[in-house]
Structure formats: C-alpha cells, structure tokens
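Below: the structure, in structure tokens.
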Amino acid sequence: MHLEIERKFLIAHEGWRSSVQEELHLRDGLIADDAGRKVRVRICNGSGSLTIKGRRQGLARSEFTYDLPLHEAEGLLRTVCEGRVVEKVRYLVPHEGFTWSVDVYGGVLAGVVIAEVELQFESQEFGRPDWIGQEVTGDPQYSKINLLAARRGE
C-alpha cells in the first residue's frame, strides 16, 4: 500500500515551462466515486493502470495501483467510465528537492492547469516556486468530477 499525500495549487504564470524535466500524456477515467473513495483507470504514454484510492484523512489517503494490459485499460475507458474521462499532459518540474507535477488539461477541461506536489508526511516543508498560485488542496471545486460537471453545465 502506498500512502498519497499531496497538495494542489493553481498556476500564477508560465515560468514553470522553462524547467520541465519530463512530459507524460495521460487519459484518466473515473470508474467509481463513493464518499471520497475512488477507482480510476489511466493510460500513460501507452501503459495502462488501475488505481484504487481510499478516503482522505487530512491530506493523506491510501492508494493501490495495478498494471493493466493496454487493451483492457482502453476497454474500461470506452465502456465503463461513461463520459468521465479527462485528457492531460503532465509536466514534471523539479524545484528544491521536490518534483512538481503540472497538469495541463485538454478536451472538455481545456484551459485548466493544476500543479501538485507529493509529500512524505503532512507537515513536510517544501519550497514554493514563484509560479505557484493559490492553494486548492481539498477544494471540491477542483476535483476532476466537479470540474467535468461544471464544464458540462450539470
């Protein structure tokens, strides 16, 4: 079991682009969401995975990820996710010993850009790059399911 502890932020400006170390192309599909527990399928640069996430307790949640054959991940996205699929490019940006993930969404969420940093423990200190804006950790307005609903006018 992996414990996910992450903080999410909006972007203040495009300064992060000059420090990109790696670029990943992702498609995420939400299979189930129940009281903060989630099951997601993902295709990242041609590889499939299934992730199960527990409820948040503070900033932390349990996370279990399993590899899937690409054709099975494609099938889940196509048949099970029922319009809850997002596309994004994740840019990995190092800063002061941490690797930030900057997610630039496409498709129905085009224009949404969110940065995340994963921590080892909740109170861990980290330097904020000058391109980091407002923190949105825990703000339901910035959950993928709510972003999708808002864009579809639900």
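Under 17 Å from a point placed 7 Å out from the Cα of Thr65 along the Cα-to-Cβ direction: which residues of region 99-135 have their backbone N that close? Under cut-off, by backbone N: 99-104, 115-121. Placing pseudo-labels 7 Å out from each Cα toward the beta carbon at Ile52 and Tyr142 gives an inter-label distance of 2.9 nm. Each 10 Å bin from zero up to the one holding the largest Cα-Cα distance in the chain carries the following percent of pairs: 10, 38, 40, 11, 0.
Fewest to most neighbouring Cβ within 10 Å: what's the order for Ile145, Ile11?
Working: Ile145 14, Ile11 19.
Going from least to most buried by this count: Ile145, Ile11.
State the number of lysine pairs found in the chain whose Cα atoms come within less than 16 Å, restricting to pairs 8 or more positions apart or on distinct chains. Close lysine pairs under the 16 Å cut-off: 6.
Amide H contacts of Ala12 (H built 1.01 Å from N, in plane; Pro and chain starts excluded): Ile132, Gly133 sit under 5 Å, all sequence-distant by 5 or more or on other chains. Counting only alpha carbon atoms, the long axis of helix 70-79 and the longest principal axis of the chain meet at about 80°. What does a probe at Glu23 reach in region 99-122, counting residues whose amide N is under 18 Å from the point 7 Å along Cα→Cβ? Inside the label zone: 100-107, 110-115. Taking amide H as placed 1.01 Å from N in the peptide plane, the amide H of Ile31 sits under 5 Å from that of Val39, Arg40, Val41, each at least 5 places away or on another chain. Each of Phe98 and Glu14 was given a label point 7 Å from its Cα along the Cα-to-Cβ line. The distance between the two points is 2.5 nm. The label-point distance for Thr79 and Glu125, in a model that sets each label 7 Å from Cα toward Cβ, rounds to 5.3 nm. Stretched out straight at 0.36 nm per residue, the stretch from Glu6 to Glu118 would grow longer than its current Cα-Cα span by 39.9 nm.
Structure remark: mean-square fluctuation, Gaussian network model of the chain, C-alpha springs under 10 Å; the largest value among Glu82, Glu135, Glu96 belongs to Glu96.
FYI, it's all coordinate maths here, none of it is from the lab. Being a predicted model, the structure only gives us computed values, none of them experimental. All Cβ positions, glycine included, derive from the backbone under ideal geometry; neighbour counts span all protein chains shown.
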